[in-house]
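Below is one structure, written out as structure tokens; the observations come after it.
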Amino acid sequence: MKKLITNTFLLCVALISVSSCDKAIDEAYANPNAAVRVPIEQLLPQITSAFAGNYGGHGSLADARFMGSYTQNFAYATAGDTYDQMFAGLTDNNASWYRVHYYDFGENLNKVIKWGIEEKKWDYVGVANAIFAFSWLTLTDIHGDVTLKEAFNPSQLTFKYDTQPEVYDFVRNQCYTALEYLNKTGDNASPANLAKGDQYFYGGDVNKWKKFVYAVLARSYNHLSNKSSYKPDSVIYYANLSMQTNTDNASVKYAATGISATNNFLGPLRNNIGSAGRFIRQSEFIANLMNGTNTAFATVADPRAWYLLRGNANGTIKGLPLNRGQLNGLPQADRPENFLGISQNATTVVNTAPTTDVNCRYIFRNASPTPIITASEVQFMKAEAAFIKGDKTTALAAYKLGIQLNFDLLMSDYNVNIPTGRVITTAIRDAFLSNTLVIPSEANLTLSHIMLQKYIALYGYGNYETWVDLRRYHYNDKDANNLQVYRDFAIPTGTALYIDNGGKPIYRVRPRFNSEYVWNLEELKRIGADATDYHTRECWFSIK
């Protein structure tokens with residue numbers, strides 16, 4: 001935690017004694033090159049960019065390159081990758097959100113809240129609380145116990161960890177605080193002024209920010225589906241108040257200039273999955289789910305495959321098995337292009353990044369928006385809650401709408417560089433929605449239908465939420481019909497599972513190495529995070 005407090009507070013710790021931090025650091029060490037206090041309108045753009053991948057290269061898309069192997073969205077292009085093996089070692093990899101929360105959001109959001117209250121800019125205060133609520137929930141679901149009560153305290157060098165139930169309670173209270181301020185008008189609250197800082201997210205639309213908060217609340221209740229206290233009605237209630245159409249979707253937009261960080265983290269200009277990044281490919285699991293070979297949707301070729309995934313020299317959709325890489329995992333002509341559109345029909349792994357994105361699509365283009373929470377996801381949460389409640393009528397309607405909303409999002413925002421003959425039309429969408437193998441009767445609707453279609457809808461960008469879902473169902477839990485919920489999903493076994501796992505799948509990511517294991521080791525020992533198999537210990541939210 002020490003290194004993840006803002007630079008200002010790091011200076012306090014590094015240059016003066018702890019006791020002298022009692023004096024405001026802004027007064028003690030005024031910056032000669034920039035104002036100590038800046039307009040909060042200038043803070044918000046960099047804050048919202050960290051949802052996806054900011055100037056420092058941190059955000060959800062940075063973690064997706066690693067966590068995507070746990071969810072089997074992705075597989076590594078070379079054999080024996082430790083993330084394919086469900087490992088989370090002593091590294092900053094896959095702990096990007098830890099840095100985002102305590103550093104990129106952290107004191108910056110605290111300043112927006114403090115200064116926003118002083119300046120009576122209630123909308124900014126509401127937005128900052130909304131982002132913090134989302135971030136606390138994301139953080140604790142990745143790591144389990146985290147520092148809550150002692151966070152952002154510059155007088156400390158080490159920090160105690162708090163339990164996940166405490167963080168969940170805090171998340172909901174922060175959501176209510178966000179709504180209180182977002183509902184407050186007058187004084188200096190102004191949609192036009194909010195739009196100055198909110199240009200690349202919601203454009204200053206307070207009503208959409210409220211829907212974002214309701215989605216966070218719905219998530220917080222839905223994540224506890226294994227608890228005896230689970231409240232499906234609360235999930236449905238908040239889902240109904242949240243995003244209903246794709247115009248409500250929360251997503252990061254990009255100016256897409258020649259400056260690298262104004263572009264999508266996964267696009268070729270930033271080169272985070274080409275020659276300078278992790279060499280991820282589509283996995284066998286997602287490919288089979290969409291090419292008609294997964295047992296849940298057998299024989300159904302999903303037309304969205306050509307939007308989300310890449311074809312091969314044979315003109316088919318195939319994916320890499322975990323741990324084996326593309327050279328050992330597939331015949332040469334079956335190897336999918338990489339996500340930047342580079343053919344892999346060669347005897348070597350090709351990991352170059354193209355100079356333009358004319359052959360890139362979906363979230364892998366320079367200007368492609370990055371979804372954070374969508375109306376489609378909200379409908380799938382509602383469908384799952386209604387199904388568990390026993391209300392299959394509501395569940396089926398929400399399930400079908402969730403799929404339709406995902407189709408519509410792809411058709412409107414990602415209908416670029418699609419192969420000839422693969423463009424989705426309204427007729428193609430409706431034919432898919434009329435297929436009883438996809439949209440069954442109420443009596444035949446299963447959790448597999450709901451969770452696998454949600455998996456598809458969140459593909460590539462929603463790994464945090466997908467990983468929560470997989471852990472809630474313990475990767476291979478079965479439903480009331482004794483069928484695996486995530487049909488055909490296989491946990492690596494034998495030497496394909498990392499040796500430190502002790503035969504167990506991964507359930508959490510270790511706290512960020514360069515702050516916690518360097519500066520806060522004694523506290524990590526207290527919670528057992530020094531154990532080699534700590535990453536296999538189930539988080540509270542998924543324990544039955």
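The values are calculated or read from the model by the stated rules, or taken from the named source; none is laboratory data. Quantities reported herein were computed from a predicted structural model and do not represent experimental measurements. Every residue, glycine as well, gets a Cβ built from its backbone with ideal geometry; the counts of neighbours run over all protein chains shown.
Couple of notes before you dig in:
- Hey, Asn207 surrounded by fewer than 20 Cβ atoms within 10 Å (Cβ to Cβ), without any contact (Cβ under 8 Å) to a residue 24 or more places away in the chain and part of a helix (DSSP H, G or I) or not: yes
- Residue in segment 112-121 that is surrounded by fewer than 23 Cβ atoms within 10 Å (Cβ to Cβ), within 30 Å of Ala385 (Cβ to Cβ) and touching a residue at least 12 places away in the same chain (Cβ under 8 Å) present: no
- Yes/no for Ala296 being out of contact with any strand residue (DSSP E or B) (no Cβ under 7 Å at 6 or more places or on another chain), free of Cβ contacts under 8 Å to residues at least 60 places away in the same chain and in a helix (DSSP H, G or I): no
- Residue in segment 122-132 that is over 18 Å from the mean Cα position of the chain (by Cα) and surrounded by fewer than 20 Cβ atoms within 10 Å (Cβ to Cβ) present: no
- Residue within segment 448-455 that is in a strand (DSSP E or B) and either farther than 30 Å from Pro369 by Cα or aliphatic (A, V, I, L, M) (or both) present: no
- Annotation: Ile418 fulfils all but one of (1) aliphatic (A, V, I, L, M); (2) within 17 Å of Asn264 (Cα to Cα); (3) modelled with pLDDT of 95 or more; the unmet one is (2).
- Which numbered condition Asn481 fails, given (1) assigned to a loop (DSSP other than H, G, I, E, B); (2) modelled with pLDDT of 95 or more; (3) surrounded by fewer than 20 Cβ atoms within 10 Å (Cβ to Cβ): (2)
- Residues considered: Asp408, Asp357. Of these, the only one that is among the charged types (D, E, K, R), farther than 22 Å from Leu61 by Cβ and in contact (Cβ under 8 Å) with a residue 60 or more places away in the chain is Asp408.
Residues checked against (1) within 30 Å of Thr495 (Cα to Cα); (2) of a type outside the set (Ser, Thr, Tyr):
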position	(1), (2)
Pro45	no, yes
Asn54	no, yes
Ala62	yes, yes
Ala75	yes, yes
Thr78	yes, no
Gly89	yes, yes
Tyr103	no, no
Asp123	no, yes
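- Look at segment 494-514: where a residue is polar (S, T, N, Q) and a partner is surrounded by fewer than 19 Cβ atoms within 10 Å (Cβ to Cβ), sitting 6+ places away or on another chain with Cβ atoms under 8 Å, you get Asn501/Asp533; Asn514/Lys3; Asn514/Asp92.
- Among the residues of segment 160-177, none is identified as surrounded by fewer than 17 Cβ atoms within 10 Å (Cβ to Cβ), in contact (Cβ under 8 Å) with a residue 24 or more places away in the chain and aromatic (Phe, Trp, Tyr).
- Among the residues listed as Tyr181, Tyr161, Tyr176, Tyr202, the single one being at pLDDT 95 or above and out of contact with any helix residue (DSSP H, G or I) (no Cβ under 8 Å at 6 or more places or on another chain): Tyr176
- Output for segment 412-447, where each listed residue is surrounded by fewer than 21 Cβ atoms within 10 Å (Cβ to Cβ) and closer than 30 Å to Arg508 by Cα: Thr446
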